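Structure, as C-alpha coordinates:
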Amino acid sequence: MNPAYVVKDLTFSYGERRVLDLERIEIPAGEVAALVGPNGSGKTTLLHLLAFIERPGSGTISFFGETVRAQNALAFRRRVGLLLQQPYLFHMSVLANIMLGLKVRGIPERKGRELARRALEAVDLVNFENRHARSLSGGESQRVALARALALDPEVLLLDEPETHLDKVSADRIEEIFLRMNKNEGTTVILTTHNLLKGQSVAHRVFNLFRGKIVPAHPHNLFKGKLTEDGAAFRTDSISVKLPIPQGEGSYLTIDPTGILLLPNLPDPSIPNTFEGRVVAMSEENGRVRVEVEAGERLHLLMSDQASRVHQTELGQHVWLVVKDSAITVLA
(Lines give C-alpha, C1' and ligand atoms only; values in the text may rest on other atoms or scores of the structure.)
Protein backbone atom coordinates (compact mmCIF):
# COMPACT_ATOMS: atom_id res chain seq x y z
CA MET A 1 0.00 0.00 0.00
CA ASN A 2 1.19 3.52 -0.78
CA PRO A 3 2.02 5.76 2.19
CA ALA A 4 -0.77 8.12 3.21
CA TYR A 5 1.65 11.06 2.85
CA VAL A 6 5.12 11.67 1.52
CA VAL A 7 6.41 15.21 2.03
CA LYS A 8 9.57 16.22 0.13
CA ASP A 9 11.62 19.43 0.29
CA LEU A 10 8.62 21.37 1.57
CA THR A 11 8.78 25.02 2.59
CA PHE A 12 6.07 27.40 3.72
CA SER A 13 6.26 31.06 4.67
CA TYR A 14 4.01 33.77 6.03
CA GLY A 15 5.29 36.78 4.12
CA GLU A 16 9.02 36.94 4.71
CA ARG A 17 8.92 34.60 7.70
CA ARG A 18 9.62 30.96 6.86
CA VAL A 19 7.78 28.65 9.24
CA LEU A 20 8.43 25.24 7.64
CA ASP A 21 11.51 23.77 5.98
CA LEU A 22 11.13 19.98 5.76
CA GLU A 23 13.35 17.61 3.81
CA ARG A 24 11.18 14.49 4.02
CA ILE A 25 8.32 13.05 6.04
CA GLU A 26 6.66 9.73 5.25
CA ILE A 27 3.52 8.60 7.07
CA PRO A 28 2.34 5.05 6.31
CA ALA A 29 -1.36 4.49 5.70
CA GLY A 30 -3.24 3.03 8.63
CA GLU A 31 -0.88 4.36 11.29
CA VAL A 32 -1.17 6.96 14.03
CA ALA A 33 1.48 9.69 13.72
CA ALA A 34 2.20 12.51 16.16
CA LEU A 35 3.70 15.90 15.28
CA VAL A 36 5.37 17.03 18.51
CA GLY A 37 6.87 20.40 19.32
CA PRO A 38 6.50 23.61 21.33
CA ASN A 39 4.25 26.49 20.34
CA GLY A 40 5.53 28.15 17.18
CA SER A 41 7.29 25.05 15.87
CA GLY A 42 5.04 24.77 12.78
CA LYS A 43 2.81 21.87 13.85
CA THR A 44 -0.54 23.49 13.02
CA THR A 45 0.74 24.93 9.74
CA LEU A 46 1.93 21.49 8.67
CA LEU A 47 -1.45 20.01 9.62
CA HIS A 48 -3.20 22.59 7.42
CA LEU A 49 -0.92 21.65 4.53
CA LEU A 50 -1.75 17.97 5.06
CA ALA A 51 -5.45 18.95 5.02
CA PHE A 52 -4.86 20.76 1.68
CA ILE A 53 -6.15 24.02 3.12
CA GLU A 54 -2.79 25.67 2.41
CA ARG A 55 -0.38 25.16 -0.46
CA PRO A 56 3.38 24.83 0.12
CA GLY A 57 5.70 27.54 -1.10
CA SER A 58 7.91 24.87 -2.64
CA GLY A 59 8.31 21.11 -2.55
CA THR A 60 5.73 18.37 -2.96
CA ILE A 61 3.12 16.46 -0.99
CA SER A 62 2.10 13.01 -2.19
CA PHE A 63 -1.26 11.64 -0.99
CA PHE A 64 -1.72 7.87 -1.29
CA GLY A 65 0.74 7.80 -4.18
CA GLU A 66 -0.60 10.84 -6.08
CA THR A 67 1.16 14.20 -6.19
CA VAL A 68 -1.04 16.98 -4.86
CA ARG A 69 -1.65 19.80 -7.35
CA ALA A 70 -4.02 22.74 -7.49
CA GLN A 71 -6.42 20.85 -9.75
CA ASN A 72 -6.80 17.81 -7.46
CA ALA A 73 -6.42 19.44 -4.03
CA LEU A 74 -10.17 19.83 -3.48
CA ALA A 75 -10.83 16.16 -4.26
CA PHE A 76 -8.11 15.15 -1.80
CA ARG A 77 -9.42 17.59 0.82
CA ARG A 78 -12.73 15.73 0.80
CA ARG A 79 -10.92 12.55 1.82
CA VAL A 80 -9.53 14.19 4.96
CA GLY A 81 -11.22 15.09 8.24
CA LEU A 82 -9.80 17.97 10.27
CA LEU A 83 -10.54 18.66 13.94
CA LEU A 84 -9.34 22.11 14.94
CA GLN A 85 -8.07 22.96 18.39
CA GLN A 86 -11.07 25.23 18.99
CA PRO A 87 -13.75 24.00 16.57
CA TYR A 88 -16.65 26.27 15.66
CA LEU A 89 -20.20 24.97 16.05
CA PHE A 90 -23.10 26.80 14.41
CA HIS A 91 -26.16 28.14 16.28
CA MET A 92 -28.27 25.07 15.63
CA SER A 93 -28.86 21.61 16.99
CA VAL A 94 -26.11 19.03 17.31
CA LEU A 95 -27.64 16.92 14.54
CA ALA A 96 -27.96 19.92 12.20
CA ASN A 97 -24.30 20.81 12.78
CA ILE A 98 -23.22 17.34 11.74
CA MET A 99 -25.56 17.20 8.73
CA LEU A 100 -24.32 20.54 7.36
CA GLY A 101 -21.18 19.11 5.76
CA LEU A 102 -23.17 16.20 4.34
CA LYS A 103 -25.62 18.62 2.68
CA VAL A 104 -22.71 20.48 1.09
CA ARG A 105 -21.55 17.15 -0.34
CA GLY A 106 -25.00 16.63 -1.86
CA ILE A 107 -26.00 13.76 0.44
CA PRO A 108 -29.82 13.36 0.53
CA GLU A 109 -31.36 14.43 3.85
CA ARG A 110 -32.56 10.98 4.86
CA LYS A 111 -29.17 9.43 4.20
CA GLY A 112 -27.44 12.39 5.86
CA ARG A 113 -29.53 11.98 9.00
CA GLU A 114 -28.56 8.31 9.17
CA LEU A 115 -24.86 9.09 8.75
CA ALA A 116 -25.01 11.87 11.34
CA ARG A 117 -26.66 9.61 13.91
CA ARG A 118 -24.09 6.92 13.22
CA ALA A 119 -21.31 9.47 13.79
CA LEU A 120 -22.88 10.56 17.09
CA GLU A 121 -22.95 6.93 18.16
CA ALA A 122 -19.23 6.63 17.31
CA VAL A 123 -18.42 9.50 19.69
CA ASP A 124 -20.77 8.26 22.42
CA LEU A 125 -23.32 11.09 22.08
CA VAL A 126 -26.36 9.07 21.01
CA ASN A 127 -28.96 11.18 22.87
CA PHE A 128 -27.51 14.57 21.95
CA GLU A 129 -28.94 15.13 18.47
CA ASN A 130 -31.60 17.65 19.57
CA ARG A 131 -29.39 19.53 22.02
CA HIS A 132 -28.41 23.06 20.99
CA ALA A 133 -24.71 23.14 20.12
CA ARG A 134 -24.04 26.20 22.27
CA SER A 135 -25.34 24.43 25.41
CA LEU A 136 -22.56 21.83 25.37
CA SER A 137 -19.50 21.56 27.56
CA GLY A 138 -16.02 21.89 26.04
CA GLY A 139 -15.53 18.13 25.86
CA GLU A 140 -18.98 17.57 24.34
CA SER A 141 -18.37 20.31 21.74
CA GLN A 142 -15.10 18.68 20.77
CA ARG A 143 -16.81 15.33 20.31
CA VAL A 144 -19.58 16.89 18.20
CA ALA A 145 -16.93 18.48 15.98
CA LEU A 146 -15.23 15.10 15.75
CA ALA A 147 -18.56 13.47 14.80
CA ARG A 148 -18.99 16.12 12.09
CA ALA A 149 -15.65 15.04 10.62
CA LEU A 150 -16.38 11.32 11.00
CA ALA A 151 -19.76 11.60 9.25
CA LEU A 152 -17.87 12.36 6.04
CA ASP A 153 -16.04 9.00 6.32
CA PRO A 154 -12.47 10.36 6.01
CA GLU A 155 -9.53 8.18 5.05
CA VAL A 156 -7.30 10.42 7.15
CA LEU A 157 -8.18 12.16 10.42
CA LEU A 158 -6.13 15.21 11.40
CA LEU A 159 -6.34 16.43 15.00
CA ASP A 160 -4.84 19.72 16.17
CA GLU A 161 -3.95 19.47 19.89
CA PRO A 162 -7.13 17.42 20.48
CA GLU A 163 -6.79 17.36 24.28
CA THR A 164 -6.05 21.06 24.85
CA HIS A 165 -8.59 22.87 27.08
CA LEU A 166 -10.26 19.55 28.00
CA ASP A 167 -10.53 17.88 31.38
CA LYS A 168 -8.90 14.46 31.70
CA VAL A 169 -12.14 12.51 31.28
CA SER A 170 -13.03 14.33 28.04
CA ALA A 171 -9.47 14.07 26.75
CA ASP A 172 -9.43 10.34 27.40
CA ARG A 173 -12.72 9.93 25.51
CA ILE A 174 -11.37 11.75 22.45
CA GLU A 175 -8.23 9.60 22.52
CA GLU A 176 -10.25 6.41 22.87
CA ILE A 177 -12.39 7.36 19.87
CA PHE A 178 -9.59 8.09 17.40
CA LEU A 179 -7.58 5.06 18.49
CA ARG A 180 -10.66 2.88 18.00
CA MET A 181 -11.13 4.33 14.51
CA ASN A 182 -7.53 3.56 13.67
CA LYS A 183 -7.75 0.01 14.96
CA ASN A 184 -11.19 -0.94 13.65
CA GLU A 185 -11.46 1.11 10.45
CA GLY A 186 -7.80 1.46 9.49
CA THR A 187 -8.13 5.25 9.46
CA THR A 188 -4.81 7.08 9.27
CA VAL A 189 -4.62 9.50 12.21
CA ILE A 190 -2.23 12.45 12.53
CA LEU A 191 -2.30 14.60 15.65
CA THR A 192 -0.31 17.53 16.95
CA THR A 193 0.78 17.81 20.56
CA HIS A 194 3.39 19.61 22.65
CA ASN A 195 3.61 16.56 24.94
CA LEU A 196 6.24 14.06 23.83
CA LEU A 197 5.03 11.39 26.25
CA LYS A 198 1.49 11.67 24.91
CA GLY A 199 2.75 11.37 21.34
CA GLN A 200 4.84 8.33 22.20
CA SER A 201 1.98 6.67 24.07
CA VAL A 202 -0.60 6.88 21.24
CA ALA A 203 1.38 7.03 17.98
CA HIS A 204 3.21 4.46 15.89
CA ARG A 205 5.76 7.14 15.00
CA VAL A 206 6.61 10.61 16.28
CA PHE A 207 7.97 13.57 14.30
CA ASN A 208 9.64 16.22 16.45
CA LEU A 209 9.42 19.77 15.11
CA PHE A 210 11.48 22.74 16.22
CA ARG A 211 11.48 26.04 14.35
CA GLY A 212 9.83 24.41 11.35
CA LYS A 213 12.32 21.56 11.00
CA ILE A 214 12.37 17.92 12.00
CA VAL A 215 14.89 17.49 14.80
CA PRO A 216 16.27 14.32 16.42
CA ALA A 217 15.25 15.23 19.96
CA HIS A 218 12.21 16.90 21.44
CA PRO A 219 13.05 20.00 23.48
CA HIS A 220 11.72 18.95 26.88
CA ASN A 221 14.84 20.52 28.34
CA LEU A 222 15.38 23.43 25.95
CA PHE A 223 18.05 25.96 26.86
CA LYS A 224 19.18 29.10 25.06
CA GLY A 225 22.88 29.91 25.20
CA LYS A 226 26.02 29.76 23.09
CA LEU A 227 28.93 27.52 22.23
CA THR A 228 32.38 28.03 23.63
CA GLU A 229 35.00 29.23 21.14
CA ASP A 230 36.29 25.70 20.55
CA GLY A 231 32.74 24.34 20.20
CA ALA A 232 33.40 21.71 22.88
CA ALA A 233 30.81 22.97 25.34
CA PHE A 234 27.50 24.82 25.44
CA ARG A 235 26.90 27.48 28.08
CA THR A 236 23.63 28.86 29.35
CA ASP A 237 23.41 31.62 31.95
CA SER A 238 23.66 29.00 34.70
CA ILE A 239 25.31 25.76 33.53
CA SER A 240 27.94 24.50 31.11
CA VAL A 241 27.38 21.24 29.22
CA LYS A 242 30.31 19.40 27.66
CA LEU A 243 29.41 18.20 24.16
CA PRO A 244 30.22 14.67 22.99
CA ILE A 245 31.33 16.08 19.60
CA PRO A 246 32.49 19.70 19.10
CA GLN A 247 29.93 21.81 17.24
CA GLY A 248 30.39 24.65 14.78
CA GLU A 249 27.11 26.46 15.41
CA GLY A 250 24.12 26.38 17.70
CA SER A 251 22.12 28.69 19.93
CA TYR A 252 19.89 26.11 21.64
CA LEU A 253 20.59 22.90 23.53
CA THR A 254 18.14 20.09 24.30
CA ILE A 255 18.59 17.25 26.77
CA ASP A 256 16.43 14.15 26.41
CA PRO A 257 14.75 13.60 29.80
CA THR A 258 15.11 9.83 29.45
CA GLY A 259 18.90 10.25 29.20
CA ILE A 260 19.47 11.77 32.63
CA LEU A 261 20.49 9.56 35.54
CA LEU A 262 19.48 10.49 39.09
CA LEU A 263 21.86 9.44 41.87
CA PRO A 264 21.58 9.98 45.63
CA ASN A 265 25.35 10.36 46.09
CA LEU A 266 28.21 12.12 44.34
CA PRO A 267 29.38 9.97 41.40
CA ASP A 268 32.93 9.73 40.09
CA PRO A 269 33.92 13.43 39.70
CA SER A 270 35.70 12.61 36.44
CA ILE A 271 32.34 11.85 34.77
CA PRO A 272 31.39 14.82 32.54
CA ASN A 273 28.07 16.66 32.82
CA THR A 274 27.45 15.90 36.47
CA PHE A 275 25.15 18.39 38.21
CA GLU A 276 24.18 18.82 41.84
CA GLY A 277 20.59 19.77 42.59
CA ARG A 278 17.38 19.47 44.57
CA VAL A 279 14.11 17.75 43.63
CA VAL A 280 11.44 20.47 43.27
CA ALA A 281 8.55 18.62 41.56
CA MET A 282 7.37 15.09 40.77
CA SER A 283 4.46 13.73 38.74
CA GLU A 284 3.33 10.46 37.16
CA GLU A 285 3.08 10.36 33.36
CA ASN A 286 1.99 7.27 31.46
CA GLY A 287 3.55 4.81 33.89
CA ARG A 288 6.75 6.79 34.40
CA VAL A 289 7.79 9.41 36.92
CA ARG A 290 8.75 12.92 35.81
CA VAL A 291 11.19 14.52 38.22
CA GLU A 292 12.16 18.19 38.10
CA VAL A 293 15.50 19.09 39.62
CA GLU A 294 16.78 22.60 40.24
CA ALA A 295 20.46 22.36 39.30
CA GLY A 296 21.29 25.86 38.10
CA GLU A 297 18.83 25.25 35.29
CA ARG A 298 15.65 23.31 35.97
CA LEU A 299 16.16 19.86 34.45
CA HIS A 300 13.31 17.45 33.71
CA LEU A 301 14.07 13.73 33.77
CA LEU A 302 11.95 10.62 33.30
CA MET A 303 12.47 7.44 35.23
CA SER A 304 10.52 4.24 35.79
CA ASP A 305 8.34 4.00 38.87
CA GLN A 306 10.56 1.15 40.06
CA ALA A 307 13.73 3.26 39.75
CA SER A 308 12.02 6.06 41.65
CA ARG A 309 11.21 3.70 44.49
CA VAL A 310 14.72 2.22 44.54
CA HIS A 311 16.23 5.70 44.89
CA GLN A 312 13.44 6.70 47.30
CA THR A 313 13.04 9.92 45.34
CA GLU A 314 11.07 12.58 47.18
CA LEU A 315 10.48 16.32 47.10
CA GLY A 316 13.30 18.38 48.55
CA GLN A 317 15.81 15.56 48.21
CA HIS A 318 19.44 16.50 47.47
CA VAL A 319 20.54 14.56 44.36
CA TRP A 320 23.17 14.33 41.66
CA LEU A 321 22.38 14.17 37.95
CA VAL A 322 24.48 12.65 35.18
CA VAL A 323 23.56 13.58 31.60
CA LYS A 324 24.40 10.90 29.03
CA ASP A 325 26.18 12.00 25.84
CA SER A 326 23.37 10.46 23.75
CA ALA A 327 20.83 12.77 25.43
CA ILE A 328 22.48 16.00 24.22
CA THR A 329 21.46 17.74 20.99
CA VAL A 330 22.54 21.18 19.77
CA LEU A 331 20.07 23.10 17.59
CA ALA A 332 20.97 26.00 15.34
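The values are calculated or read from the model by the stated rules, or taken from the named source; none is laboratory data. Source: prediction; values computed, not measured. Don't worry about glycine lacking a Cβ; one is built from the backbone with ideal geometry, like all the others, and counts go over all protein chains shown. When the accessible area is computed, the model is the full protein with side chains, heavy atoms only, and any ligands, DNA or RNA have been set aside. Shrake-Rupley method; radii C 1.70, N 1.55, O 1.52, S 1.80 Å.
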| Hey, could you pull the Cα Rg and Dmax for the chain, both in Å? | 23.0, 75
| field | Stretch gain in nm, segment residue 78-residue 229, where the contour uses 0.36 nm per residue and the Cα spacing is subtracted | value | 49.0 nm
| Of 268, 21, 167, which has the largest mean-square fluctuation in a 10 Å C-alpha GNM of the chain? | 268
| Filtered trypsin sites (Lys or Arg not before Pro), the range 1-97: DSSP coil and at most 11 other beta carbons within 10 Å | 69
| remark: Label model pair residue 179, residue 201: point-to-point distance (7 angstrom along the Cα→beta-carbon line) in nm is 0.8 nm
| Extension gain, residue 67 back to residue 265 (0.36 nm per residue minus Cα-Cα distance, nm) | 65.5 nm
| query | What whole-number value in Å² describes the accessible area per residue of the chain for a 1.4 Å probe? | reply | 50 Å²
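Give the percent of DSSP beta bridges with both residues in the range 156-285 that are antiparallel, rounded to the nearest 5. Could you put the intermediate results ahead of the total?
On the way: 11 of 16 bridges.
Counting only bridges with both partners in the range 156-285, antiparallel ones make up about 70 percent.
Can you tell me the relative contact order of the range 1-68? Whole percent, Cα pairs under 8 Å, sequence separation 6 or more.
44 percent
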| remark: Here the relative contact order (percent) of the chain, from C-alpha pairs under 8 Å and at least 6 apart, is 17 percent
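Leaving out ligands, DNA and RNA, what percent of the accessible area of the range 56-123 is carbon and sulfur, probe 1.4 Å?
51 percent
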| remark: antiparallel share of DSSP beta bridges within the chain, to nearest 5, in %, is 75 percent
| Rounded to 10°, Cα long-axis angle of helix 138-150 versus longest principal axis of the chain | 60 degrees
| Part-to-part distance (alpha-carbon centres) for the range 6-52 and the range 164-212, which is given in Å | 16 Å
| message | If you count only protein heavy atoms and use a 1.4 Å probe, how large is the accessible surface of residue 326, to the nearest 10 Å²? | response | 110 Å²
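For the chain, what does the helix formula give at 222 nm: sum of -39500 (n - 2.57) over DSSP H segments with n ≥ 4, over the residue count, nearest 500 deg cm²/dmol?
Here the helix-only value at 222 nm equals -7500 deg cm²/dmol.
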| Sparse-neighbour loop sites [chymotrypsin sites (Phe, Trp or Tyr not before Pro); the range 205-284; at most 12 other C-beta within 10 Å; DSSP] | none
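With a cut-off of at most 11 other beta carbons within 10 Å, and DSSP calling the residue loop, which GluC sites (Glu not before Pro) in the range 286-332 qualify? Please list them.
Answer in residue order: 314.
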| message | Which one, 36, 76, 282, is farthest towards the positive end of the dipole of the chain when Lys and Arg carry +1 and Asp and Glu -1 on their Cβ? | response | 76
| query | What part of the accessible area of the range 129-239, given as a whole %, is carbon or sulfur when the probe is 1.4 angstrom? | reply | 45 percent
